[in-house]
Amino acid sequence: MILSYIKWALIAILTVFFALLTILISLISPKFAALTTVKIWGKLILIISGVSLKIDGLKNIENKPTIVMYNHKSYYDIFSFASFMNYDWRAMMKKELLDIPFFGTAVKIMDHYFVSRDGSFSDRREVVKIIKKIKKGKIIFIAPEGTRNPEKGLLDFKDGGFYISLKTKVNIVPMIIKNADEITKKGSLKINPGKIEITILPEINVSEYQKFDDPVIKLRNDVKEIFNSYL
């Protein structure tokens, strides 16, 4: 545990340093920040933690409006995709993250998206804002479970991301993450070295779901079934 505390201390120092740098760069170009300081931050955290990545299907994320949905087990999910993304991206985050010193300011200036603690959209005005932003061309990462899941299997998927996908006609790319919860579990500070395996699947054409009576539920259930089949 002593080694884990040292690692978290280094991660905290890195986060403050790169958050300040990201804030400065984002005042000029949030895109450049996403592809430089944020990417380096993710890579260094993985190196410090003794974590390697095995990524399959990265070509399935193209430089166009896309909603990447991933199963959320650990903070290392975020560190991982931050470290390898080659295009400008944003993430759906819980509003509570805005309260983290330096980090909260950085993600706000970069114009990430924020939702309630349970991953729901309690404010319809926020949904309208998110829809407008996505239409401008960003890749967005969404955890449909809404929060980190400490158990095996999947939590119930929230409807919000699927509603936004259908409303904007932006396709969904499933991203299956394995072993992130073996690095550090929810509620624990212990960091275990290891390998995270990420499989990025071909995009789902959401326009095909408009013919269903309840396209949101149909799309949500189909995407969850895809995750279950790979997990």
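The values are calculated or read from the model by the stated rules, or taken from the named source; none is laboratory data. Predicted model only: the values in this text are computed from it and were never measured. Remember, those area values only see protein heavy atoms, side chains included, never the ligands or the DNA or RNA. Shrake-Rupley method; radii C 1.70, N 1.55, O 1.52, S 1.80 Å.
Points to keep in mind about this one:
- The chain: DSSP helices with Cα axial extent of at least 30 Å and average Kyte-Doolittle hydropathy no lower than 1.6: 2-26
- Distance between the C-alpha centres of segment 3-29 and segment 142-212: 25 Å, rounded to the whole angstrom.
- Prolate/oblate/rounded label for segment 95-231 (Cα gyration tensor, a/c 1.5): oblate
- The overall shape of segment 9-123, judged from the alpha-carbon gyration tensor, is rounded, with an a/c ratio under 1.5.
- Relative pair counts by distance (%), Cα atoms of segment 143-192, 5 Å bins: 4, 16, 22, 22, 14, 10, 8, 4, 0
- Just the protein heavy atoms count here, and of the accessible area of the chain at 1.4 Å, carbon and sulfur take up 58 percent.
- Accessible area expressed per residue, the chain, with surrounding protein chains retained (probe 1.4 Å, Å²): 50 Å²
- Relative contact order of the chain, pairs being alpha-carbon contacts under 8 Å that are 6 or more residues apart, as %: 27 percent
- Rel. contact order, % - alpha carbon contacts under 8 angstrom, at least six apart, segment 1-71: 29 percent
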